Amino acid sequence: MMKTIGLIGGTTWLSTIEYYRIINQEVNKRLGGMNSAKVLLYSLNFEEFKPPSDPEAWGPIVTLLSNIAITLEKGGADCLVIGANTPHMVADQVHKNITIPIINIAEVTGLEIRKREITKAALLGTKFTMELRFFKDKLQLAGIETIIPDDIDREFVHNSIYHELAKGVFSEETKARYIEIIKKLILQGAEGVILGCTEIPLLISQEDSSIPIFDTTLIHANAAVDFALLELAR
């Protein structure tokens with residue numbers, strides 16, 4: 001029997017649409033017919049979710065996500081997918097409050113990178129994702145060294161996410177800057193680039209980079225499908 005995916009979305013609604021689309025398209029691709037995914041979606045109001053700049057002040061975020069996770073589990077979800085990279089900084093804390101597995105975006109990204117035999121990857125995302133250890137530690141466990149942009153470029157990427165991409169603004173100027181940042185990281189030895197914010201793949205694609213692009217939205221959504229269809233694949 002197909003398992004039910006519990007998806008926490010709204011962070012932002014733009015990338016949540018991509019999660020829902022990819023998950024359902026992949027289920028139909030694998031099973032055919034009129035098959036689609038079993039998904040319980042809890043969509044946040046991102047305006048109310050705004051993460052504090054101080055990671056030590058994320059206590060209320062843990063409580064919020066834990067309560068939603070409990071609701072999804074009680075509703076019949078067999079796994080939890082948090083549809084954004086940054087909230088995974090508290091994923092382990094949230095997991096303590098539920099009994100179903102959380103499909104961790106950093107873990108599945110690490111596995112995908114290793115399949116390509118890449119050991120050094122650049123990471124783009126919010127400042128939380130780039131600067132804190134929660135994403136990089138998961139990659140390190142997979143044998144992957146992470147490099148990030150310099151201070152000025154990190155500030156640009158972070159601000160572009162919150163002030164443009166999260167609002168559905170995708171300008172050619174911003175895209176050009178991202179491409180220049182990627183080129184700098186390639187010169188520093190990056191063998192692949194992780195789009196570690198689920199809105200960045202709406203701006204940047206593989207054709208914009210000379211090295212492999214790892215779209216965390218796509219990787220994460222496909223991992224959710226793998227889980228949901230595991231028993232059917234046996």
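Derivation of every value follows stated rules applied to the coordinates shown; laboratory data play no part. Just so we're clear, the structure is a prediction, and the values are computed from it rather than from any experiment. Quick reminder, even Gly has a Cβ in these numbers, built from the backbone with ideal geometry, and neighbours come from all protein chains shown.
Remarks
- Inter-label distance, residue 222 to residue 186: 2.2 nm, where each label sits 7 Å from its Cα along the C-beta direction.
- Listed residue pairs exceeding 29 Å between alpha carbons, taken from 96/120; 3/50; 96/127; 50/136: 96/120; 3/50
- Rough spin-label spacing in nm, given labels placed 7 Å along Cα→Cβ, for residue 93 and residue 13: 2.8
- Dividing the helix sum by the residues of the chain, where each DSSP H run of 4 or more adds -39500 (n - 2.57), gives a mean residue ellipticity at 222 nm of -14500 deg cm²/dmol.
- Using the Cβ-Cβ distance between residue 206 and residue 43 with R0 = 22 Å, the FRET efficiency computed as 1/(1 + (r/R0)^6) comes to roughly 0.15.
- Of the chymotrypsin sites (Phe, Trp or Tyr not before Pro) found in segment 141-180, the ones in coil according to DSSP and having at most 16 other Cβ atoms within 10 Å of their Cβ are 170.
- Hull shadow area, averaged, segment 1-145 [alpha-carbon convex hull, nm²]: 9.5
- Distance between the modelled labels on residue 151 and residue 119, one decimal in nanometres: 3.2 nm (7 Å Cα→Cβ projection).
- Peptides 41-47, 218-224 ranked from most to least packed give 218-224, 41-47, packing being the mean of other C-beta atoms within 10 angstrom over each peptide's residues.
- At least 15 Å along the helix axis (C-alpha) and Kyte average at least 1.6, DSSP helices within the chain: none
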